[in-house]
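Shown next, in structure tokens, is the structure this report addresses.
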Amino acid sequence: MPPVPPPSPTRRLALYTLVVCVLAVAAAVVSFVQGSWLGIVWVLLAGLSSNMTWYYVKRGRTAAARDTSVTS
């Protein structure tokens, strides 16, 4: 079995922003269930972190494709 390569910084950032997104969605649900309008802020934060997650995933894939095309 080949060794697993160390995670790249972009993969790590994508994972962090995904965690923030999931936590923001959970906070929004809790806020709305409790009747607080503060959940809107959590929804906006979830949207921002979701976009950041996709950005870092796409950036990581582009960097990986660029690295493999140069070495091939």
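The values are calculated or read from the model by the stated rules, or taken from the named source; none is laboratory data. All figures in this text were calculated on a predicted structure; none of them were measured in a lab. So basically every Cβ, Gly included, is an ideal-geometry build from the backbone, and we count neighbours across all protein chains shown. Side chains are part of the model used for accessible areas, which takes the heavy atoms of the whole protein and leaves out ligands, DNA and RNA. Shrake-Rupley method; radii C 1.70, N 1.55, O 1.52, S 1.80 Å.
Just the number, please: carbon plus sulfur as a percent of the accessible area of the chain, 1.4 Å probe, no ligands or DNA/RNA counted. Walk me through the numbers on the way to the answer.
Values: 4240 of 5780 Å².
Whole-percent figure for carbon plus sulfur exposure: 73.
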- What nm distance separates the two modelled labels at Tyr55 and Tyr16, each placed 7 Å from Cα along Cα→Cβ? 1.4 nm
- Select one label from (i) 47, 22, 12; (ii) 35, 12, 6; (iii) 23, 16, 9: the one whose number is semi-axes √(5λ) of the Cα gyration tensor in Å as derived from the coordinates shown. (ii)
